[in-house]
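Some notes on the structure that comes next.
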Amino acid sequence: MDNHKIEVTGISEPLLKLIDERIRHQGSDRSAYIRDLIERDIWGTSSTKKDTLIKNDAKCPFDPKQWEADMKLLAQLTEQIPVLPPEAFTRDSIYGNHD
């Protein structure tokens, strides 16, 4: 296999249709779309910021405004999580019969 090519198999037809729909919306092609997904997964950003990250040999710098926005989003999502009773946090409830 060529080092610059990856074969992706096992993608369902409905998923391919969704991918193609996003590609049409972005005005891209499958290869570019999949490459961008991989880069965002590995680098945490798209290819436009990848070179900067490689040069700095670091992840994205801390952004207080982005952190604040992320915390607000997290707080909104946690409102839907039910409160567990205190007995849910006992050693027995967590480990059960596993000593």
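The values are calculated or read from the model by the stated rules, or taken from the named source; none is laboratory data. If you're wondering where the values come from, they're calculated on a predicted model, not measured in any experiment. Cβ placement follows ideal geometry from the backbone for every residue including glycine, while neighbour counts extend to all protein chains displayed.
Kindly indicate the residue of the stretch 28-51 that is loosely packed, with under 13 Cβ neighbours inside 10 Å and modelled with pLDDT under 60 and also farthest from V8 (Cα to Cα) among those meeting that condition.
The extreme case among them is D51.
Given the criterion at pLDDT below 85, among the polar types (S, T, N, Q), loosely packed, with under 10 Cβ neighbours inside 10 Å and outside any loop (DSSP other than H, G, I, E, B), identify the matching residue among Q76, Q80.
On the way: Q80 fails: outside any loop (DSSP other than H, G, I, E, B).
Residue meeting the stated conditions: Q76.
Considering each of H98, H25, H4 in turn, give the residue that is surrounded by fewer than 11 Cβ atoms within 10 Å (Cβ to Cβ), modelled with pLDDT of 80 or more and not polar (S, T, N, Q).
None of the other options fit; the residue is H25.
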